[in-house]
Amino acid sequence: MANKHYPKEFKADAVALYRSRPGATIASVADDLGVNRETVRSWVRADDQRRGGSPAASARPAAVAGSVEDENAELRRRVRELEEERDILRKAARYFAGETRW
């Protein structure tokens, strides 16, 4: 199997997608993007090292509920995450469509 070279932006977007989805696993993100699981895992590890250390430094924030303002802030954050996921998937589709040579 040939090694694939992914653009830096695609790698960064894949890591951002993994970090932005609270229940996501590396496997689910890799399957969604059509990338090998170990490839995505290495991108996440490289990002952890770049950020300066342990995976705990990149831990996902816990949701805070309580008042209406907190709930609105949480919903706005979720909308941003979903928009980011949509944009990443669009870029991935464009990237892989460009590789297809019928």
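Coordinate-derived values only; no laboratory data. These numbers come from a predicted model, not from an experiment. Using ideal geometry, Cβ is built from the backbone for each residue, glycine included, and neighbour counts are taken over all protein chains shown.
Among residues of the stretch 75-99 that are touching a residue at least 12 places away in the same chain (Cβ under 8 Å) and of a type in the set (Ser, Thr, Tyr), those with a beta-carbon under 9 Å from a residue that is assigned to a helix (DSSP H, G or I) and surrounded by 10 or more Cβ atoms within 10 Å (Cβ to Cβ) at least six positions away or on a different chain give the pairs 95/10.
Within the stretch 23-41, the set of residues being among the polar types (S, T, N, Q) and within 20 Å of residue 91 (Cβ to Cβ) comprises 28, 36, 39.
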